[in-house]
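Worksheet: the structure to be examined is printed underneath.
Just so you know, all these numbers are worked out from the coordinates, no wet-lab data involved. A quick note: this is a predicted structure, and the numbers were derived from the prediction, not measured.
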């Protein structure tokens, strides 16, 4: 996910995507306990996507105020 894609999203879409990515991160963490994770780079990618979404969400919140 790129910054341009995040900026094009509506507020509701950002909330839904955040929930999905947080769930994915939880699943990845639980996989490390129960089984071997094949692609360990997914952790960083998911965390960076979450950070992008949170940054855009905060930016919009401050713009409204």
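Observations, loosely collected:
- Between 0 and 90 degrees, the angle of helix 11-34 with respect to the longest Cα principal axis of the chain falls at about 20 degrees.
- For the chain, the alpha carbon positions stretch 45, 17, 15 Å along the principal axes, listed from largest to smallest.
- To the nearest ten degrees, helix 42-64 and the longest principal axis of the Cα atoms of the chain are 20 degrees apart.
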